[in-house]
Amino acid sequence: MKIAVLGGGNGSFAAAGDFALQGHDVRLWRRDTAQVEAHRAAGSRITLKDARGRHDVQLALVTSDIAAATSDAELILCPAPAFAQYDIARRLAPHLAGGQVVFLPPATFGSMIFAEAMRDSGNHAAVSFAETGTLPWLTRKHGPFEVAITIRAKRLPVGVFPLDTAGHAIEVIGRAFPGVIEPCGDALSAALMNAGPIIHPPLIVMNAGPIEHFERWDIHKEGTQAAIRGHRRARRRTHRGARRIWLLQPAFPTGASLCQRGRAMDVWPRLARSADRFRRLARADRAVGASLHAGRFTPRPVVAGFGG
């Protein structure tokens, strides 16, 4: 399959290397023309390291011309960070063609950025925009053209915009990630699965000292000790309990004063005052449904009719 990979960071190099290793025709686009020329001079190859060893893979094309990279590509994958999405979407929009699938892993609703950029460019091709809540690889670049993949995702819930193109989009993405893709509804459904805002802030805050002190400090290894893991578990339980309070009780009485509204919205003291109540809420939360990653997903849009 012809796949275009956009970007020059960890995720983009992991994607390009892994897809080429699978035998796909991979074109890598990046904005940095100097890096593109250097990569071409090195033979347009990527050294990929994983649990099976070192692999030297050949890319079909390395370019700074986004039209050349994406022409005739069935799948266009953009694992660039969110702050790069607006610029990449603007550059890509005029060149998209009917039937192509743009996949953003992750995106946090970046699908709408790309869809709006295409609309604003006057391009009305029938293109599918899809996203998931995480990068499919735990990966780091170890050199200009060398990347290490520690873990490959086993499950990727994917949402699609427009929703009525989901069948085609899921089939195309599934060929690049065999046995991994699970439809989860529309793009908003997938965007809400991004656990980064829950996972990463406490790891950064609780490792601020070591991050500043040591030259290298991996928050996912050295920085995930028992005390920090315990804090994160408690934080998730508290979040679930607070969520159930908001869902099952009105936020504030009708016609209440501002003072009364403030007291009603302060859910944390209510949780703190009653450990037993918190345990009941946690048990009820578990009874309603298993963890997000524990079972299969039911394809349904979060907002009725969204993306149709």
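Observations on the structure shown:
- Residue list for segment 206-233, restricted to those being among the hydrophobic types (A, V, I, L, M, F, W, C) and closer than 25 Å to Ala107 by Cβ: Ile219
- Scan segment 22-80 for residues that are under 23 Å from the mean Cα position of the chain (by Cα), closer than 30 Å to Ala115 by Cα and either not aliphatic (A, V, I, L, M) or not assigned by TED's automatic domain parsing to the domain that holds Gly8 (or both) and the total you get is 10.
- First in segment 166-177 and within 17 Å of Asp72 (Cβ to Cβ), second anywhere and in a helix (DSSP H, G or I), Cβ under 7 Å, 6 or more apart: Ala176/Phe19
- Of the residues Gly8, Gly98, the single one that is within 21 Å of Ala166 (Cα to Cα) and either in contact with a strand residue (DSSP E or B) (Cβ under 8 Å, 6 or more places away or on another chain) or at pLDDT 95 or above (or both) is Gly98.
- Condition broken by Ile76, with the remaining ones in (1) surrounded by fewer than 24 Cβ atoms within 10 Å (Cβ to Cβ); (2) under 28 Å from Asn194 (Cα atoms); (3) at pLDDT 95 or above satisfied: (1)
- Tally of residues being buried (at least 20 other Cβ atoms within 10 Å of the Cβ) and within 17 Å of Val172 (Cβ to Cβ) across segment 116-156: 8
- Count - residues of segment 23-43 that are part of a helix (DSSP H, G or I) and either in contact with an Asp or Glu (Cβ under 7 Å, 6 or more places away or on another chain) or of a type in the set (D, E, K, R) (or both): 2
- Tally of residues being part of a loop (DSSP other than H, G, I, E, B) and not small (Gly, Ala, Ser) across segment 83-112: 6
- Screening Leu96 on (1) buried (at least 16 other Cβ atoms within 10 Å of the Cβ); (2) touching a Gly at 6+ places or on another chain (Cβ under 6 Å) shows it passes everything except condition (2).
- The single residue among Ala20, Ala80, Ala4 that is of a type outside the set (Ser, Thr, Tyr) and part of a helix (DSSP H, G or I) turns out to be Ala20.
The values are calculated or read from the model by the stated rules, or taken from the named source; none is laboratory data. Please read these numbers as outputs of a predicted model, since none were measured by experiment. FYI the Cβ positions are ideal-geometry reconstructions off the backbone, even for glycines, and counts take in every protein chain you see.
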